1. Looking at F357, F337, F350, F370 in this structure, which one is buried (at least 22 other Cβ atoms within 10 Å of the Cβ) and at pLDDT 85 or above?
2. Do you know which residues across the stretch 114-146 are open to solvent by 10 Å² or more (accessible area, probe 1.4 Å) and in a helix (DSSP H, G or I)?
3. Which members of the stretch 377-414 meet the condition of being in contact with a Phe, Trp or Tyr (Cβ under 6 Å, 6 or more places away or on another chain) and of a type in the set (F, W, Y)?
4. Go through the stretch 302-321 residue by residue and tally those that are under 27 Å from T406 (Cα atoms), of a type in the set (G, A, S) and either surrounded by 11 or more Cβ atoms within 10 Å (Cβ to Cβ) or modelled with pLDDT under 75 (or both).
5. Which pairs turn up if I take residues in the stretch 375-402 that are open to solvent by 20 Å² or more (accessible area, probe 1.4 Å) and look for partners that are at pLDDT 80 or above and of a type in the set (K, R) with beta carbon separation below 7 Å, at least 6 apart in sequence or on another chain?
6. Between a first residue in the stretch 204-229 that is more than 16 Å from V245 (Cβ to Cβ) and outside any helix (DSSP H, G or I) and a second residue that is of a type in the set (A, V, I, L, M, F, W, C) and modelled with pLDDT of 75 or more, which pairs have beta carbons less than 8 Å apart while being 6 or more apart in sequence or on different chains?
7. Do the conditions hold for G248, that is, is it of a type in the set (G, A, S) and touching a Ser or Thr at 6+ places or on another chain (Cβ under 9 Å)?
8. Considering every residue within the stretch 78-88, establish whether at least one is over 22 Å from M175 (Cα atoms), assigned to a helix (DSSP H, G or I) and open to solvent by 10 Å² or more (accessible area, probe 1.4 Å).
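The values are calculated or read from the model by the stated rules, or taken from the named source; none is laboratory data. Owing to the predicted nature of the structure, the values given are computational and were not obtained by experimental measurement. Glycine gets a Cβ as well: all are built from the backbone with ideal geometry, and neighbour counts include every protein chain shown. SASA here: full protein model, heavy atoms, side chains in, ligands and nucleic acids out. Shrake-Rupley method; radii C 1.70, N 1.55, O 1.52, S 1.80 Å.
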Amino acid sequence: MMDWILFGIFVVLMLSGVPLAVAMGLAGTAVVALSGLGMMSLPTNVYTGIAKYPLMAIPVFVIAGLIFEKAGVAATIVRFASALVGQRRGSLAIVAILVAMILGGISGSGPADSAAVGAVMLPSMLKAGYPRSFTAGVIAAAGSTDILIPPSIAFVIYSLLVPQASVPALFAAGMIPGILSGLTLILVAWWLSVKNDFEAAPSEPRPPFWQSLKEAGWGLLAPVIILGGMRSGFFTPTEAAVVAVFYGLLVGMVIYRTLTWKEVYQVLVESAEISSVILTVVALASVFAWASNTLGTFDHLAAALLGTGLSEVPMLLSIQLLLLIAGMFLDAISIYFIFLPLLIPIAIHFNWDLVWFGVIITMNMALGQFHPPLGVNLMVTCRMAGVSMESTVPWVLWMVAAMAGTMMLVTFVPDLALWLPRHLGYL
């Protein structure tokens, strides 16, 4: 009975427009009160929900991403990517995706990187004749690769909820799927550009390769320092985030000299706002998770699903479909807290590797970031481009289909995700 009350209150609040974090917190609190589980346990659960060492990486990676954005690193990487791609049909769309993939190796936040790429690429793409709706869709889709290419805030949250999957193993496992997703998006963006005759003539001359490489070198070195330091054992993922912040300050204030103390203050304020939203969701979702775990709600649901008699492949495809639909309406962190307690027992029952399982779940979340009607990346880029989300649908659906195909490939060829962490000794 309490299982139904828990989800009933949550669904009613969510459909009433209550913020998702608040809906989860209130639903959990109501069930704790009705079940006599002890109201005094709630403050402890809220605190313990966020008092975890791996979570420290989230606000620090957010700061790092904002510092590199304000320092103008994105602009130097754009010039380097333009020098690589050259002057051809669809070159600016390809550059936008490449830049987003590189920035994903610095901050790991899709909306933040979509904003950074949009600020640099939107004016030049519009000047070259790309439709605003196409430009918004391409940049939003490109930003979705950032939660797959390490470092990734989503993988940090997954590791927190699934301790069997370590952060380094998840970071390594996301590398190849993230690159494959980006390459797939590049093919689709190029094909749509050729088909619709976008960028028929080069808008700007091709930048000199070696000069642009020299300018972008400091930015390109950031992912190498972050990932190389973790691989060598010099620092943990949380310490890597701190190193990224200090490296970003060095690049922005000493080398490029584009970052002022006033902008550093603005970065700290903005990162505090972004991090507080994430950690508030984590804190309130922990109340929902504790109430459901105490009642055994997800164990009951998992047993019911397993009792349907579905074999491994149909069950896996059903989970993919469920998460794809959920990703259209919910953000990634909320989906983790709502669905992982249900899905992990199923994964263990079928003996699925939990690192691979985390990658395919996160690929679903990446899809949701630019899938209407609530893709957070798409919200950011549509606002920047001044277009409605509906106008991007004819373009975005091609990209959704392409990334969904990549996700199915990783689903049925697990070694695409597991080869690298095995090779590096994380599995």
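1. F357
2. A115, A119, V120, L122, P123, S124, L126, K127, R132, S133
3. If the condition is that a residue be in contact with a Phe, Trp or Tyr (Cβ under 6 Å, 6 or more places away or on another chain) and of a type in the set (F, W, Y), then W395 is the only one that fits.
4. Matching residues across the stretch 302-321 total 1.
5. So the pair list comes out as G386/R132; V387/R132.
6. Final answer for the pair search is R206/A83; P207/F80; P207/A83; P208/A83.
7. no
8. Within the stretch 78-88, one or more residues are over 22 Å from M175 (Cα atoms), assigned to a helix (DSSP H, G or I) and open to solvent by 10 Å² or more (accessible area, probe 1.4 Å).
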